[in-house]
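The values are calculated or read from the model by the stated rules, or taken from the named source; none is laboratory data. Quantities reported herein were computed from a predicted structural model and do not represent experimental measurements. Cβ coordinates were reconstructed from backbone atoms using ideal geometry, including for glycine residues, and neighbour counts include every protein chain displayed. With ligands, DNA and RNA removed, areas are computed over all heavy atoms of the protein, side chains included. Shrake-Rupley method; radii C 1.70, N 1.55, O 1.52, S 1.80 Å.
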Amino acid sequence: MEKYDAVIIGAGHNGLVAACYLARAGRKVLVLERRELVGGCAITEEVIPGYRFSRLAYVNSLFRPEIIRELKLKDYGFEMLPREPSSFTPFPGGEHLFLGPDAELNRREISKFSERDAEAYERYEAMLGRMVEVLEPTLDRAPPDPLSRRPGDLLSLFRLGLGARRLGKELYPFLGMLAGSASRLLDEWFESEELKVTLATDAVIGAMASPRTPGTAYVLFHHVMGETDGARGVWGYVRGGMGALSEAIAAAARDLGVEIRTGCGVESILVEDGGSRGVRLASGEELHADLVFSNAGPKITFLDLLPPDLLEESFRRSIEALDFSSATFKLNLALSELPDFTACPGREPGPQHRGTIHISPSLGYIERAYNEARSGRPSTEPILECTIPSVLDPSLAPEGHHVMSMFVQYAPYELAEGNWDELRDDFARTCIRLLDSYAPGFEKSVIGYDAISPLDMEREFALTGGNIFHGAMTPDQLFFQRPVGGWARYRTPLEGLYLCGAGAHPGGGVLGACGRNAARAALADS
């Protein structure tokens, strides 16, 4: 029987990244993927003939630039398309707000609603930039264990503390950002509802939370730590859709000697003498390896793939108690023409079509939508984050046509009445009609759509509870507590088993850091 140095469960972007770094170190690596294509949540699929969608993840900024350089991903076709402006928020009264990397544009746009906020916004962004300099280095290494006396952990804690102290008086808002609410942060800085609600959407994306929920300030902050081609905080499209990034990593992996098998679901992790020794496939085939890396979420890894009596009861209870609550719905639409917004008219490609389109007119609107979801009901007036990548990448749709991605909240995984198989299309139509109220005629332009409920995310993409981050991005499930306290350094209670997906530090989003860090941890152990 052929034996490998490492077997990786799941060909999501983190699993592929881990495979590359292990192979670069001379290890013989096999990647196993249940679906017929690689990429996990970062995929491009033609689910409607002629229209290619980034089915789940849809924009990029957080993917680590170190990985792009070290794996030479641009040589494999990876290319970013920056968006300017970055966002467009239309309001029911006919006003609109553009935001982007152009400071003068931001000042001019925000001053339509508040001169004071226009002045404050530049200082706000500068403050976030200084805070990023403190936290961003933590993305690229294992989080220190605060109870450890190992020199490496003590040094990491010292460096983090030293960086935080350099913030001076900004240390207090920095600490507040780690655990506080987005509403409080934004209220301290701004007065205009239009600016606050546009910024607040980043604080609740993918979370079962409202901007008033403690911990949402960090989620907002998490989304400004990235870059596009060196430009800080700029989000862009991947040419060819998000799957082009995954395919580039997979191509780099194959050139490094990695074997990738698709259509191979893993049934269980093989255990022998207290350690992992490979995997058993759904087909019954057994594959042996010294190391096993799981790109699956913590609950799947520890509760579904391992024998139930293997782990200590306290660890098992901690995994069972993890928060995977979700209220995310994804809608991919094929369009015959671009939307014509009342607040910024025109069907020809314009600034209103390039970036993220926010349909969320007030903080009270978000709160009402959240309260409905909290009671187990899909929001009657949901929050929409819409993108039209075909405006910058015409290869995604037939000539003159477009693809739109709607990232929707709130759609609770657990419903008080009915089920998602019954409600999926009704909710999709609710979202389409809502956008039509801002862009009359939009509904008629919809040729077809691909609707993905939280339940579909769990069934098709193995996202427990439909949670796109492999677990809530709340303070109690971050840094040295991700996935649980004492096991945040990619190693697990089972010798030879490593967690390399978003359930490990630094968490969700298309970063690649989880895979790179996990591979480096395993190589350090061997």
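Remarks
- Angle of helix 513-525 to the longest C-alpha principal axis of the chain, folded into 0 to 90 degrees and rounded to 10: 20°.
- Label zone at residue 374, where the point sits 7 Å out along the Cα-to-Cβ direction: segment 211-248 residues whose backbone N lies under 11 Å: 211-214
- Sulfur and carbon atoms: percent of accessible area, the chain [1.4 Å]: 50 percent
- The gain in end-to-end length when the residue 154 to residue 261 segment is fully stretched comes to 34.4 nm, 0.36 nm per residue minus the alpha carbon separation.
- Only beta bridges with both residues in segment 1-155 are counted; by DSSP, about 60 percent of them are antiparallel.
- Positive-end extreme of charge dipole, the chain - chosen from 209, 173, 92 (charges on Cβ): 173
- Beta bridges by DSSP in the chain, antiparallel share as percent, to the nearest 5: 70 percent
- Low-density loop cleavage sites - trypsin sites (Lys or Arg not before Pro) in segment 335-381, where at most 16 other Cβ are within 10 Å (DSSP): 347
- From the alpha carbon centroid of segment 390-465 to that of segment 47-87 is 21 Å.
- Loop-resident trypsin sites (Lys or Arg not before Pro) (DSSP state other than H, G, I, E or B) in segment 126-220 with no more than 10 further Cβ atoms inside 10 Å of their Cβ: 149.
- Percent RCO, i.e. relative contact order, over segment 380-526, from Cα pairs under 8 Å lying at least 6 residues apart: 14 percent
- Helix axis angle, 420-438 relative to the chain longest principal axis, alpha carbon, degrees: 40 degrees
- In nm, spacing of pseudo-spin labels at residue 125 and residue 336 (7 Å Cα→C-beta vector): 3.9 nm
- Gain on full stretching of the segment that runs from residue 416 to residue 362 - 0.36 nm per residue minus C-alpha separation: 16.8 nm
- Label corresponding to P(r) over Cα pairs in 10 Å bins from 0, in percent when calculated from the structure given, among (i) 4, 19, 30, 28, 15, 4, 0, 0; (ii) 3, 13, 20, 22, 18, 12, 7, 3, 1, 0, 0; (iii) 4, 18, 27, 25, 17, 8, 2, 0: (i)
- Most positive-pole-ward Cα, 161, 250, 189, against dipole of segment 139-277 from beta carbon charges: 161
- Averaged over its residues, the chain has an accessible area of 39 Å² per residue, based on protein heavy atoms and a 1.4 Å probe.
- Between residue 283 and residue 170, full extension at 0.36 nm per residue minus the direct alpha carbon distance yields a gain of 35.1 nm.
- Cα shape, segment 347-455, gyration tensor, a/c 1.5 rule: prolate
- Assigned charges on the beta-carbon of Lys, Arg, Asp, Glu; segment 285-421 dipole about Cα centre (debye): 580 debye
- Other residues within the sphere of radius under 15 Å centred on the Cβ of residue 148, judged by their own Cβ, net out at +4 (K and R +1, D and E -1).
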